[in-house]
Amino acid sequence: MNPEPDTPTGHDEARRTFLKQSSLLTALALVPAPVVMAAAEGFDERVAAAFEKIPLSLKVNGVKHKLAVEPRATLLDFLREQLHLTGTKKGCDYGQCGACTVHVDGQRVNSCLSFAVMHDGQEITTIEGLADGDQLHPMQEAFVKHDGFQCGYCTPGQIMSAVACVREGHAGTADEIREYMSGNICRCGAYANIVAAIQDVKGGGQKV
Ligand code: FES
Ligand code: FES
């Protein structure tokens with residue numbers, strides 16, 4: 001008698017078991033020997049124990065913080081996970097998209113590329129710190145006015161870079177703006193409107 005269509009036969013079961021076992025063996029064969037030895041000796045736990053939290057004191061959006069961080073925490077993860085400032089976005093986590101741009105002592109940085117502990121005593125500004133209460137920052141207003149965003153995922157990083165671009169004196173022409181904003185990627189392609197927003201702020205002469 002034929003088996004039910006969805007009921008595996010003994011042959012199918014054996015084949016599945018064989019495939020699972022051979023995948024496992026292949027995976028194990030690919031793990032470098034020192035890693036296998038380290039795991040066996042609990043080395044990874046000893047390494048983790050060595051990463052004790054260390055004290056950090058810094059000012060974020062005008063608020064002083066004294067706390068402890070893991071030395072391996074990036075500034076991006078520290079802001080998002082420890083301070084719950086989730087306006088700064090994680091795009092690539094490799095310094096290639098600019099979604100995580102914040103200002104450190106007035107300079108723009110990709111927060112995914114630095115460790116939080118490197119910023120002891122420094123002043124950080126995130127997108128949450130740009131507005132003055134209910135009053136949007138001129139660059140935020142310009143982005144709204146010029147439709148400088150679509151899905152909005154890249155927008156916090158774009159705005160932080162755009163402010164820095166004007167402050168640095170790199171917003172003289174559309175080409176210059178494109179050049180100095182080139183580290184901020186927009187998957188929605190809102191580039192023309194972003195350039196228009198920056199030109200508007202630059203031309204308006206407002207204090208940024
Ligand atoms: S998340 Fe930092 S540059 Fe992409
Ligand atoms: S607005 Fe969607 S990624 Fe830039």
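Quick notes on this one:
- Kirkwood-Stokes translational diffusion coefficient of region 127-174, alpha-carbon pairs, 37 °C, 0.692 mPa s, µm²/s: 290
- As a fraction of the 1.4 Å probe accessible area of region 50-117, surface on carbon and sulfur atoms comes out at 52 percent.
- Stretched out straight at 0.36 nm per residue, the stretch from Ile54 to Asp175 would grow longer than its current Cα-Cα span by 39.2 nm.
- Structural size metrics of region 47-130, computed from C-alpha coordinates, are Rg and Dmax of 12.1, 39 Å.
- Flagged links, alpha-carbon separation over 25 Å, of Lys145/Lys207; Lys66/Lys202; Lys59/Lys207; Lys64/Lys89: Lys66/Lys202
- Positive-end ranking of His103, Leu130, Cys154 along the dipole of region 76-208, with charges on Cβ about the Cα centre, is headed by Cys154.
- Solvent-accessible area per residue, Å², over region 157-208 with all protein chains present [probe radius 1.4 Å]: 48
- Calculated FRET value between Glu168 and Asp134, using beta carbons and R₀ = 30 Å, to 0.05: 0.60
- Gain on full extension, evaluated as 0.36 nm per residue between Arg187 and Lys145 minus their Cα-Cα distance, stands at 13.1 nm.
- Sites Lys64 and Gln206, calculated FRET efficiency, Cβ-Cβ separation with R0 41 Å, nearest 0.05: 0.90
- Kirkwood-type hydrodynamic radius, region 102-203: 13.9 Å, calculated from all non-identical alpha-carbon pairs.
- Region 74-148 - accessible surface per residue (Å², probe 1.4 Å): 49
- Peptides 56-65, 92-101 ranked from most to least packed give 92-101, 56-65, packing being the mean of other C-beta atoms within 10 angstrom over each peptide's residues.
- Net charge dipole, region 94-198: roughly 340 debye, given to the nearest 20, about the Cα centre with Cβ charges of +1 for Lys and Arg and -1 for Asp and Glu.
The values are calculated or read from the model by the stated rules, or taken from the named source; none is laboratory data. Keep in mind it's a predicted model, so treat the numbers as computed, not measured. Reconstructed Cβ throughout: ideal geometry from the backbone, glycine too, with neighbour counts over all protein chains shown. Just the protein is used for accessible areas: all its heavy atoms, side chains included, with ligands, DNA and RNA removed. Shrake-Rupley method; radii C 1.70, N 1.55, O 1.52, S 1.80 Å.
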